[in-house]
């Protein structure tokens with residue numbers, strides 16, 4: 001691994017506003033592990049959500065495009081093409097030599113399938129995959145009907 005390139009862990013939580021951290025002064029929430037990360041690393045304090053639904057919002061995060069540009073809507077049956085995903089920031093980092101891993105909820109439809117979620121595409125483009133395409137519990141591959149899971153993207157320079 002080239003030590004001149006930093007390791008990257010990108011954490012995207014569902015419905016997680018920036019001020020919902022202890023380190024940002026929230027009076028009730030205690031987030032010691034995220035607080036520690038935020039003191040040591042980069043925070044995106046000026047980022048904002050362009051869509052209130054998770055599928056189009058996550059697609060915006062990864063492609064850097066507005067929903068009206070990428071065309072992915074919630075429950076619409078739309079999905080990203082391989083060419084569109086190839087221009088996403090995770091794939092750009094993979095092209096630069098990063099080892100690309102995914103843990104947790106993906107919920108970005110790609111390459112057809114049942115609303116783009118069961119195409120198997122993401123399982124093939126990531127070097128490590130322990131994710132799922134719906135709502136998940138503590139173990140991402142075990143589907144559950146309850147709570148949300150954080151999607152985590154780990155990028156390690158080869």
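The values are calculated or read from the model by the stated rules, or taken from the named source; none is laboratory data. No experiment lies behind these values; they were computed from the predicted model shown. Backbone-built Cβ (ideal geometry, glycine too); neighbour counts: all protein chains shown.
The table below lists the values:
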read-out: Within the range 62-93, considering residues that are touching a residue at least 40 places away in the same chain (Cβ under 8 Å) and within 22 Å of residue 5 (Cα to Cα), the one surrounded by the fewest Cβ atoms within 10 Å (Cβ to Cβ); value: 93
read-out: Flag for residue 38 being more than 25 Å from residue 106 (Cβ to Cβ), in contact with a helix residue (DSSP H, G or I) (Cβ under 6 Å, 6 or more places away or on another chain) and not in a loop (DSSP other than H, G, I, E, B); value: no
read-out: Filter pass, residue 141 being surrounded by fewer than 19 Cβ atoms within 10 Å (Cβ to Cβ), at pLDDT below 90, part of a loop (DSSP other than H, G, I, E, B) and over 16 Å from the mean Cα position of the chain (by Cα); value: no
read-out: Matching residues, the range 45-72, being part of a loop (DSSP other than H, G, I, E, B) and modelled with pLDDT under 85; value: 45, 46, 47, 48, 49, 50, 51, 52, 53
read-out: Yes/no for residue 122 being part of a helix (DSSP H, G or I), touching a helix residue (DSSP H, G or I) at 6+ places or on another chain (Cβ under 9 Å) and either within 15 Å of residue 58 (Cα to Cα) or modelled with pLDDT under 85 (or both); value: yes
